[in-house]
Amino acid sequence: MFCKGFFVSEPFIVRVTTLPEEIMKAQRLRYTVYYKELMNASPEGIDVDAFDEVCDHLVVEEVVSKRIVGTYRLISRETAQRCGAFYSQSEFNIQKLLNSKHNILELGRACVDRAYRSQGIIRLLWKGLADYIHRHNIRYLFGCGSFSGTIPEKYHHGFSYLHYAYMAPEYIRPEVLPANAALLEILAPEKIDITRAWNEIPALLRGYLQVGGWIGQGVFQDFGFSSLDVCVVVDTQRLVLGAYGAR
């Protein structure tokens, strides 16, 4: 149940936290996932940037251990204005989203502790996100979805399948910035192995697609995080609610 902004699902609690010690735990979890697991180096031991001071941090906490086992970073239009831009604007032109009269929310830094990945933590995060969407009347969700590595040919079938099957409508479509756009040859539809394509798509991105998500035009090569990024857009009015966990 939700109580005073909390979602309780024993043995876990899901909530938006403002406590500095919990935010630091979330940043340490992000560091473990995005640096240690992906073999990138960073001396700080936490993943932190300017957005962290002003964004909302959605976390899943294990009640007994007080361990943060899952987290999402949520950036509203107001938060982005305080920081000067959304995070995604460093990789994609999202002007069509910005032009929308509706409330928009950027999702980022989603991760789950490796030891808890069989315990439905991502579903708990999505239930918490569904409540956040309801409370703040969010129409569009968006953010970067990442493929590991910087060699686009490794995901030839996956990127081609996304291009044909999940391209966002033109009126809302993000477009990759040209400076670091991946040179990507799109396969002809008849040459795509759909099973292989689906296996090439990361699990979190598959989740967004399964609830009705789209992707923008192009792929960004993020050499800092050693990833290939697409921009995901979800219209909350077309969410597949059963899969998403919305109420």
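The values are calculated or read from the model by the stated rules, or taken from the named source; none is laboratory data. Keep in mind that this is a model prediction, so the values were computed, not measured. Every residue, glycine as well, gets a Cβ built from its backbone with ideal geometry; the counts of neighbours run over all protein chains shown.
Can you confirm whether the stretch 194-210 contains a residue that is surrounded by 17 or more Cβ atoms within 10 Å (Cβ to Cβ), in contact with a helix residue (DSSP H, G or I) (Cβ under 8 Å, 6 or more places away or on another chain) and farther than 24 Å from Leu97 by Cβ?
Yes.
Can you pull out every residue in the stretch 90-124 that is touching a strand residue (DSSP E or B) at 6+ places or on another chain (Cβ under 7 Å) and in a helix (DSSP H, G or I)?
Leu97, Tyr116, Ile121, Ile122, Leu124
Report yes if Val219 is touching a residue at least 12 places away in the same chain (Cβ under 8 Å) and closer than 22 Å to Lys127 by Cα, otherwise no.
Working: touching a residue at least 12 places away in the same chain (Cβ under 8 Å): yes; closer than 22 Å to Lys127 by Cα: no.
For Val219, the condition - touching a residue at least 12 places away in the same chain (Cβ under 8 Å) and closer than 22 Å to Lys127 by Cα - is not met.
Looking only at residues in the stretch 192-247 that are charged (D, E, K, R) and part of a loop (DSSP other than H, G, I, E, B), which one is modelled with the lowest pLDDT?
Taking the stretch 192-247 first, the residues charged (D, E, K, R) are 193, 196, 200, 206, 222, 229, 235, 238, 247.
Narrowing further to those that are part of a loop (DSSP other than H, G, I, E, B): 193, 247.
On the way: Asp193: 98, Arg247: 39.
If we take residues in the stretch 192-247 being charged (D, E, K, R) and part of a loop (DSSP other than H, G, I, E, B), then Arg247 is modelled with the lowest pLDDT.
Conditions (1) at pLDDT 95 or above; (2) more than 16 Å from Gln221 (Cβ to Cβ); (3) hydrophobic (A, V, I, L, M, F, W, C), marked per residue:
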{"site": "Glu91", "(1), (2), (3)": "yes, no, no"}
{"site": "Asp113", "(1), (2), (3)": "no, yes, no"}
{"site": "Arg117", "(1), (2), (3)": "no, yes, no"}
{"site": "Asp131", "(1), (2), (3)": "no, yes, no"}
{"site": "Arg135", "(1), (2), (3)": "no, yes, no"}
{"site": "Cys144", "(1), (2), (3)": "yes, no, yes"}
{"site": "Arg173", "(1), (2), (3)": "yes, yes, no"}
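For the stretch 159-186, which positions are more than 20 Å from the chain's Cα centre (by Cα) and either loosely packed, with under 13 Cβ neighbours inside 10 Å or hydroxyl-bearing (Ser, Thr, Tyr) (or both)?
Scanning the stretch 159-186 gives Ser160, Tyr164, Glu170, Tyr171, Pro178, Ala179, Leu183, Glu185.
What are the pairs with Cβ atoms under 6 angstrom where one residue, in the stretch 38-58, is closer than 19 Å to Ala110 by Cβ and the other, located anywhere, is modelled with pLDDT of 85 or more and among the charged types (D, E, K, R)? Sequence gap at least six, or different chains.
Qualifying pairs under 6 Å: Ile46/Arg28; Asp47/Arg30; Val54/Arg82; Cys55/Arg73.
Please go through the stretch 94-123 and give me each residue that is surrounded by 13 or more Cβ atoms within 10 Å (Cβ to Cβ) and aliphatic (A, V, I, L, M), ordered by number.
Ile94, Leu97, Leu98, Ile104, Leu105, Leu107, Ala110, Val112, Ile121, Ile122
Considering the stretch 125-158 alone, what residues qualify as being of a type outside the set (Ser, Thr, Tyr), buried (at least 22 other Cβ atoms within 10 Å of the Cβ), in contact with a strand residue (DSSP E or B) (Cβ under 7 Å, 6 or more places away or on another chain) and not in a strand (DSSP E or B)?
Once the filter is applied, which keeps residues that are of a type outside the set (Ser, Thr, Tyr), buried (at least 22 other Cβ atoms within 10 Å of the Cβ), in contact with a strand residue (DSSP E or B) (Cβ under 7 Å, 6 or more places away or on another chain) and not in a strand (DSSP E or B), the stretch 125-158 yields Leu125, Gly128, Leu129.
Within the stretch 36-56, is even one residue at pLDDT 90 or above, in a loop (DSSP other than H, G, I, E, B) and not β-branched (Val, Ile, Thr)?
Checked the stretch 36-56: at least one residue is at pLDDT 90 or above, in a loop (DSSP other than H, G, I, E, B) and not β-branched (Val, Ile, Thr).
Have a look at Val69, Val63 and point out the one that is closer than 17 Å to Arg15 by Cβ and at pLDDT below 95.
Numbers: Val69 fails: at pLDDT below 95.
Answer to the check: Val63.
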